[in-house]
Structure formats: C-alpha cells, structure tokens
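What follows is a single structure, written as structure tokens, with notes after it.
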Amino acid sequence: MKPAAFDYCAAASVADAVDFLAMHAGAAKCVAGGQSLGPMLNMRLVRVAGLVDISRVDALRRVEARGDVTRIGAAITHAEIEDGEVDDPTGGWLKAAAANIAHRAVRNRGTIGGSLAHADPAADWCLVMTGLGAHAVVARAGGEERIALDEFITGPFTTVLGDQDLLLGVDVPKPGRRAAWGYWKFARQVGEFAKASAAVLIDPDNDHFRCVVGALGRQPLVLADARALIDGRLDPRDALESALANRPAPELTLHVAALDRALAQARSTEAGA
Ligand SMILES: Cc1cc2nc3c(=O)[nH]c(=O)nc-3n(C[C@H](O)[C@H](O)[C@H](O)COP(=O)(O)OP(=O)(O)OC[C@H]3O[C@@H](n4cnc5c(N)ncnc54)[C@H](O)[C@@H]3O)c2cc1C
C-alpha cells in the first residue's frame, strides 16, 4: 500500500518546520528518519495533510556542550552516535546503546529525536535517556521548554508533544568522573526491540542514582529507591513487584533479570570495584 497524498516540505530551519506545522493546524507531522512513521503512513494507520522533513535542519544536527549538559540534536542518527561521529558525553555509553538498536539500515536513517517522540515502550533511547536523567528540549508556541524525560514520555507511544511542537534535542547531563553505568537489553534476536530492558546509573560525584526498567508496555519505569537497589539492600524482584503490583509476578521475570544484570554491570565498573 502507499500513503494517502500529503503536502511535503523539506525544512531548511527550525522556523520552517514550526511554521509548516502551525499552518496545518494539527493535520501535519514532521518526519525525521521515517523508520517508524513511514510504515504507518504506508499502511494508512496514520494519515496526514502535510509532512515536514526535518532530517537536514542544521540546528537539529548538532551536538554541543552547554554548561553541565550536552545537547544532542533531534536529527542525529543512531549510526552517527554508534560510529562516534558526534561527541558522546558519557564516554561510550551512548555509542554502545546505539549499536544495539535494530539493524544498521534502520540506524542509518533513524534519529534520536524520532525515537523519543515516537516513544515505543521498548525503545532503547527512551530507556537510556530516562536512565541518564536527560531532558527533552521542545519548541512550542510559548517558546522553548526543557522537560525531564520522566515527564516527557507519559505512556506507550505517548509524550507531552502537542500537534505543533517540535523536539529540538535532548540535554544529557555530563556524568561525574567516578560514574558507572549498566544497560541490559533482552531481545529475541539481534536487531529486534527489547523484550525487557534496564538501565542503572551510579554517579556519586553528582549524587545521581537511577534504576529504570523498560519494555513494560508503558513509559520507562523509574524505580523509587535506586540507592537501596544499587547497595543491595533492596531485592530487584521486590522492587518491581511492588512498583507494578497489578501485574502477575511471572510476567516480570525477564525484567527482573534485566535489572539484575544492569545492576551487576554498573557495580562492576564502579571506580574501585
Ligand atoms: C525493523 C525495525 C527495528 C527497530 N528496532 C528498534 C530497536 O531495537 N530499538 C529501538 O529503540 N528502536 C527500534 N526501531 C525504531 C527506530 O529506532 C526508529 O528510528 C525510531 O523509532 C524513529 O525514529 P525516526 O527518526 O525514524 O522517526 P520517524 O519515523 O521519522 O518519526 C517517528 C515519529 O516521531 C515524530 N517525530 C520525529 N522527529 C520529531 C521531532 N524532532 N519532533 C517532534 N516529533 C518528531 C514523527 O512525527 C513521528 O510521529 C526499529 C525500527 C524498525 C523499522
């Protein structure tokens, strides 16, 4: 099948993209890598009056240090991060996560912004960026807003982005010198979405400790007592079962294992471990 007809605009700037979205008043979308939107348009699960291509907008294709964060432009591809073509403020954690997303053909086109805006519950960047305590940077009518990833993704395939909002990028905090990271993804085969995933950040210099679980059919789950999990005072199964009390315990087995492994990985790379 082919998509229904739509107006097309290749944006040269953020202003072009924002104007196009405003002109179509909720009936247009932006397209970045097209890896998720393309199939949905082809199957006519989504219909749009207009499509604005943001993949070549310079301002969305930069990675820049801004004080204690690094802003990764929304149109940076998974492959550019994997290949180290852009700065990785985590010293390699992003590079490793990118290499684990889908197949190379998808990574060549798919973007970090598209992935966050699409908010697939099993998406790697949604979990990684929530795990790092990153902020989404959004252009909207009232100006630019920074929104913590925990609040940006509100449910499966749902974010706070409005019809005319544009995700400009993501602000990743610079981890401290002694920071350690664990990331585990269970997928049935290489190139597939996660069946269960977890990320753990141990950053004593910034007093930043995070344990997040993904691929739960909802937004990434940020566990309340990360310190207790990291120190081994709280059992991962108990933490997950109490956070998701309405789910049958056996459904969480793979997620518990993912969290266990991410914790072990982070602890093993902690300074002095
Ligand atoms: C076979 C296959 C396997 C995959 N496996 C994985 C995997 O293992 N892990 C994983 O994480 N992902 C996986 N993906 C998804 C892939 O990472 C996509 O690249 C990503 O989900 C969407 O990025 P995109 O740039 O292609 O976005 P698009 O498809 O262009 O857009 C997706 C949605 O986001 C919106 N959007 C895009 N950019 C912006 C922006 N800047 N501001 C506002 N809205 C925006 C679009 O309007 C659209 O609604 C897979 C995809 C395929 C096809």
Among the residues of segment 108-123, write down those that are within 6 Å of the ligand (Cβ to nearest atom), touching a Ser or Thr at 6+ places or on another chain (Cβ under 7 Å) and within 19 Å of Trp184 (Cα to Cα).
Ala123
Do you know which residues across segment 53-77 are open to solvent by 60 Å² or more (accessible area, probe 1.4 Å) and more than 12 Å from the ligand (Cβ to nearest atom)?
Arg56, Asp58, Arg62, Glu64, Ala65, Arg66, Gly67, Asp68
Given the conditions (1) surrounded by 16 or more Cβ atoms within 10 Å (Cβ to Cβ); (2) out of contact with any Pro (no Cβ under 9 Å at 6 or more places or on another chain), which single one is not true for Leu229?
(2)
Does Asp238 satisfy being among the charged types (D, E, K, R) and free of Cβ contacts under 8 Å to residues at least 24 places away in the same chain?
yes
Hey, does segment 122-134 have a residue that's crowded, with 24+ Cβ neighbours inside 10 Å, assigned to a strand (DSSP E or B) and not aromatic (Phe, Trp, Tyr)?
no
Would you point out which residue out of Ala194, Ala199, Ala187, Ala224 is under 26 Å from Arg247 (Cα atoms), within 14 Å of the ligand (Cβ to nearest atom) and more than 15 Å from the chain's Cα centre (by Cα)?
Ala187
Inside segment 78-107, can you point out the residues that are near the ligand (Cβ under 10 Å from one of its atoms), in contact (Cβ under 8 Å) with a residue 60 or more places away in the chain and open to solvent by 30 Å² or more (accessible area, probe 1.4 Å)?
Asn100, His103, Val106
Restricting the search to segment 135-152, which residues are closer than 15 Å to Arg218 by Cα and open to solvent by 40 Å² or more (accessible area, probe 1.4 Å)?
Asp150, Glu151
Which condition number in (1) open to solvent by less than 30 Å² (accessible area, probe 1.4 Å); (2) within 10 Å of the ligand (Cβ to nearest atom); (3) more than 19 Å from the chain's Cα centre (by Cα) is the one that Gly50 fails?
(2)
Failed criterion for Thr154 (all others in (1) in a strand (DSSP E or B); (2) within 26 Å of Met23 (Cα to Cα); (3) within 13 Å of the chain's Cα centre (by Cα) hold):
(2)
Filtering segment 14-37 down to residues that are small (Gly, Ala, Ser) and either at pLDDT below 95 or open to solvent by 40 Å² or more (accessible area, probe 1.4 Å) (or both) yields Ala15, Ala22, Ala25, Gly26, Ala27, Ser36
Checking Gly155 against (1) over 25 Å from Leu221 (Cβ atoms); (2) open to solvent by less than 20 Å² (accessible area, probe 1.4 Å), only one condition comes out false. Which one?
(1)
For the subset of segment 139-159 comprising residues that are away from the ligand (no atom under 11 Å from the Cβ) and aliphatic (A, V, I, L, M), which member is modelled with the lowest pLDDT?
Ala141
So in segment 159-174, with the set limited to residues that are within 15 Å of the chain's Cα centre (by Cα) and outside any strand (DSSP E or B), which one is surrounded by the most Cβ atoms within 10 Å (Cβ to Cβ)?
Leu161
Selection from segment 1-13 of residues that are in contact (Cβ under 8 Å) with a residue 40 or more places away in the chain and either assigned to a loop (DSSP other than H, G, I, E, B) or open to solvent by 80 Å² or more (accessible area, probe 1.4 Å) (or both):
Met1, Lys2, Pro3, Ala4, Phe6, Asp7, Tyr8, Ala11, Ala12, Ser13
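The values are calculated or read from the model by the stated rules, or taken from the named source; none is laboratory data. A quick note: this is a predicted structure, and the numbers were derived from the prediction, not measured. Please note: Cβ atoms are built from the backbone with ideal geometry, for glycine as well, and neighbour counts cover all protein chains shown. With ligands, DNA and RNA removed, areas are computed over all heavy atoms of the protein, side chains included. Shrake-Rupley method; radii C 1.70, N 1.55, O 1.52, S 1.80 Å.
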